[in-house]
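Read the structure below first, then the notes.
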Amino acid sequence: MTVYSFCQSFLNTLLTHFVEKDACAKIYKQGVEQSEQDNKVVKVSYQDAKECLESFRYNRTIAVKTLDTIKKTLQGFYPYLEKAKEEPAPEFSTKPVDLIKELDLLLERDDYTTDLQFMTDVQDTVGSLKDGHLFFSSNCYVSRFVFTQQLYLYSTIKNNETQVIQVLEDLLDPSNDECEVTKIDEHPAMEVIIEFAYTLPEFRDLGVAFNNALTSYTINNGTNISLNQPQFTTRSNLPEKSSISYTLTCTKKNSTIIEKTISREWVAIDQIPRVFKDSKTYWNEFCIAKHNDTKVITENKNKELELKHGRLLYSEDFASFYTLGETGIVVISSFISESSNDTKVVMDMMKGLNHGFKLLAQARVKKLVLDLQNNNGGFIEVSQFVVHRLFLSANPFFPNDNLVTPLFSLSVQKASEKSEPSTDFSPKAYLNAYTYQQFDSATDFLGENYQIRDNNKVRTTNKYIDANNTQDFQEIIGSNIKPLPWQSKDMIILTNGLCGSACAALAQHLSDYENVKTVAVGGFYNRPMSYSSFIGGSVTDFVTLMGMLKELNVTDDNIAPREFLVSTTFSFTFREIYGWKDERELLEFSFKPAKERLYYNNKNVRDPSLLWVEVAKLID
C-alpha cells in the first residue's frame, strides 16, 4: 500500500468513526448521499434526528439568561400576566397560570441533561397560557426537522350521533383511505386525539384545538387546494417515541369489514439540508446565529381545486370570490399577501378585496358567505377595511390599551420626545378611541386608569385606535361610494374556529355589532364552539421590540431585557383589545360561540363547495 493510499484509508476510517459518533454529521452524510442538489428536503430517521437534537448539553448559564430575558420582556410589555392567573371562562380548556412563577420553577430542577429538554419545557410553559400570539422556541430545534407520518386524519359524525376519527388520506397506503381509526396505541382514538388537543398552545377552546389536531383544507389562488397538516401526525417538536400504532376498521366496496393495525414510524424531514456538517456547525448555524436567511424548503400537499358547485369570479393569493347560484362566496384565507410586508401591499390587498366585492355586486348575488376557515390573521388594517366596505357607516375599530409598567412608561416618555412617531410607543401614532383626537403628550396617552386582575391593581393606558386607517379606506373606495347591496341578514360567517388575530377582529366585529350570523364547522358533536380565537390586539416579536428599545436608548436600563445568548423565536401580544358594548370586556378572554353548527363529512372535507351549499341554507 502506498503512503497516499494508507493516508486516504486512514482518513476515511476516521471520518466514518466521526460520523458514527456525531449524529448531526450522520444526517449531513445522508443528505449528500440522497441528493447533491441544493435545497432539496432530506428524510431522516427518527433516531438520527433525536440523537442530533439531544447532542447539546444543558447549559445553566444559557438557561438563566434565557429566562431572565423572557421574564423582563413579559413583565415590561405583555398585558395578560395577571389576567392569566384568573379562572377562565368555563367553556375554555385553560387553567389559571402564574407564568413568571412557573418559569422560575424550571431553574429549580436539577434533572436537565440536554438543552433540548430545557428549551422544550420553556416553550410548553409559555404555551400553557393558550395565547396564539404568545410563542417562544429555540431555533436550534423547532422546525429544523418536521416529523411526519404522512397520514391525514379527520373527524366525522357517524349515524348522526357518534363522532369518530377517520383516515382522510394515507400517502403510504391509499387502501386505508376512509378507514375508521378505532384505537391509537391501544387506546380509544377519540380520547387520544382529545388528550393531544389539550396540549396545543394556541387555542383556549378545546373544540378549536381538536380541529387543529386534525386536517382541513385551505384554498389558494382560487384554483388550488392544500391539505393542512394535522398536528397529531405532523409535529415541529421531537415526538416522545419513534412510532404510533393505529387500529383501523375498513369497509370495502363489497361491504366486507376488515380490521387491521398499522404502525407508523416518525420520519424527520430536514428542511434546510447541508447547511450544517456536524454538531458543531449545527450549533453555530442554528443555535448561535442571530440571523439565518436560508430558505426553508417544505413539501406541501397541493392539488387542483375541484368544485361540484360554484364559479370563480376573481382571486388573489389571499382571497377568492365565487358565485354559487344567488350566493356569493368570499374565501379569505389570510390577511397577509405573499408580497413583502409594506404599506403598498396593504393598499393593494384592500384594492383587491374592493374589486372582488364589486364583482359580486355586479353578479347580483343576494346572499354572502364569508369563509374564514384557517385564517390566522395578518394586517389588521385589511380586516378593518372589510368591515368598512360591507358597512360604510360602521366604526370598524376596536379600542386598545397597553399595560402601564415602568419599562413601558419609560419607552413612551422617550418616544414622545421625538418629533415624528417612529416606534409603536409614540403617542402620536394613535387617536383617543372615544374622541378621535390625537394624544398630545405621554401623560395624555398613559392616563390614570386602573383595573383589578387576580386581586392585583394594574394600570392601563387610555384606550386608543390607530391614526391613519380611515384615510387609507377613503383613498381606496372614494368619498361618494355606493353601498354594497347586502344587509346583515343576507350574510353569514363560516369558520372552523381557526380564525385568529385580524380574522378574529373581523368576525367578532361583524357578529357583535352588525348582527351577522356565524356558523362553526367541526369541533365536538353538539357542543358550542368558538367561531374565532386569539383576537389579542396586536403582536410583536422580540427582534422588533429590541430594535425599538435601542432606537429609544432604553436598553441599558436595568429593567430592560437583554439579547438572548442563543437564537430564538419569541413573539407576544403587545396590546389589548376591548369590546364597545362593554368597555370592560377583554375580548381575548371572552367565549364567542357560533350561532350555528355544521360538521365535516367525507365529501365536504374534500370539496368546500358542498359545505358552502349547507351554509347558504342557514342565511335567513
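Results for (1) modelled with pLDDT under 95; (2) in the same structural domain as residue 373 (by TED's automatic domain parsing); (3) more than 27 Å from residue 527 (Cα to Cα), shown as yes or no for each residue.
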{"position": "190", "(1), (2), (3)": "no, no, no"}
{"position": "194", "(1), (2), (3)": "no, no, no"}
{"position": "226", "(1), (2), (3)": "yes, no, yes"}
{"position": "242", "(1), (2), (3)": "no, no, yes"}
{"position": "249", "(1), (2), (3)": "no, no, no"}
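Can you find, within segment 516-527, the residue that is surrounded by the most Cβ atoms within 10 Å (Cβ to Cβ) among those that are out of contact with any Gly (no Cβ under 8 Å at 6 or more places or on another chain) and assigned to a loop (DSSP other than H, G, I, E, B)?
In the first step, residues of segment 516-527 are kept if they are out of contact with any Gly (no Cβ under 8 Å at 6 or more places or on another chain); the result is 516-519, 521, 525-526.
Still in the list and also assigned to a loop (DSSP other than H, G, I, E, B): 516, 525-526.
On the way: 516: 24, 525: 17, 526: 10.
Only one residue fits best here, namely 516.
For segment 234-246, name all the residues that are out of contact with any Asp or Glu (no Cβ under 7 Å at 6 or more places or on another chain) and not in a loop (DSSP other than H, G, I, E, B). Break it down stepwise before answering.
Of all residues in segment 234-246, those out of contact with any Asp or Glu (no Cβ under 7 Å at 6 or more places or on another chain) come to 234-241, 246.
Across segment 234-246, the qualifying residues are 234, 235, 246.
Can you name the strands (runs of 3 or more DSSP E) wholly within segment 118-174 that have at least 2 residues being under 19 Å from the mean Cα position of the chain (by Cα)? It would help to see each step written out before you state the result.
Working: elements: 135-138, 145-148, 151-158, 162-170.
Strands (runs of 3 or more DSSP E) meeting the threshold: 135-138, 145-148.
If a residue has to be of a type outside the set (A, V, I, L, M) and in a loop (DSSP other than H, G, I, E, B) to count, how many in segment 247-273 make the cut? Break it down into steps so the answer makes sense when it comes.
As a first pass, look at segment 247-273 and keep what is of a type outside the set (A, V, I, L, M): 247, 249-256, 259-261, 263-266, 270-271, 273.
Retained after the next criterion (residues that are in a loop (DSSP other than H, G, I, E, B)): 252-256, 266, 271, 273.
Within segment 247-273, residues that are of a type outside the set (A, V, I, L, M) and in a loop (DSSP other than H, G, I, E, B) number 8.
Failed condition for residue 386, given (1) within 25 Å of the chain's Cα centre (by Cα); (2) more than 30 Å from residue 550 (Cβ to Cβ); (3) surrounded by fewer than 22 Cβ atoms within 10 Å (Cβ to Cβ), with all others met?
Single failed check for residue 386: (3).
Could you check residue 182 against (1) surrounded by fewer than 20 Cβ atoms within 10 Å (Cβ to Cβ); (2) of a type in the set (S, T, N, Q); (3) assigned to a loop (DSSP other than H, G, I, E, B) and say which number it fails?
(3)
Mind checking which strands (runs of 3 or more DSSP E) fall wholly inside segment 534-620 and carry at least 1 residues that are surrounded by fewer than 22 Cβ atoms within 10 Å (Cβ to Cβ), within 20 Å of the chain's Cα centre (by Cα) and not basic (Lys, Arg)?
Details: elements: 537-541, 568-577, 596-598.
Hits in segment 534-620: 537-541, 568-577.
Within the group 378, 356, which residue is under 16 Å from residue 329 (Cα atoms), small (Gly, Ala, Ser) and either touching a Ser or Thr at 6+ places or on another chain (Cβ under 9 Å) or buried (at least 23 other Cβ atoms within 10 Å of the Cβ) (or both)? Give the steps one after another, and end with the answer.
Values: 378 fails: under 16 Å from residue 329 (Cα atoms).
Only one candidate passes the filter, namely 356.
Restricting the search to segment 104-121, which residues are surrounded by fewer than 20 Cβ atoms within 10 Å (Cβ to Cβ) and either within 18 Å of residue 57 (Cα to Cα) or in contact with a Gly (Cβ under 7 Å, 6 or more places away or on another chain) (or both)? It would help to see each step written out before you state the result.
The initial filter retains those residues of segment 104-121 that are surrounded by fewer than 20 Cβ atoms within 10 Å (Cβ to Cβ), namely 104-114, 117, 120-121.
Once the filter is applied, which keeps residues that are surrounded by fewer than 20 Cβ atoms within 10 Å (Cβ to Cβ) and either within 18 Å of residue 57 (Cα to Cα) or in contact with a Gly (Cβ under 7 Å, 6 or more places away or on another chain) (or both), segment 104-121 yields 106, 107, 108, 109, 110, 111, 112, 113, 114, 117, 120, 121.
Which helices (runs of 4 or more DSSP H) sit wholly inside segment 1-97 and have at least 2 residues that are modelled with pLDDT of 90 or more and within 26 Å of residue 235 (Cα to Cα)?
Working: elements: 3-21, 23-34, 46-53, 60-77.
It comes to 23-34, 46-53, 60-77.
The values are calculated or read from the model by the stated rules, or taken from the named source; none is laboratory data. Small disclaimer: the values here were computed from a predicted structure and weren't measured. For neighbour counting, all protein chains shown are included, and Cβ atoms are generated from backbone atoms with ideal geometry for every residue, glycine included.
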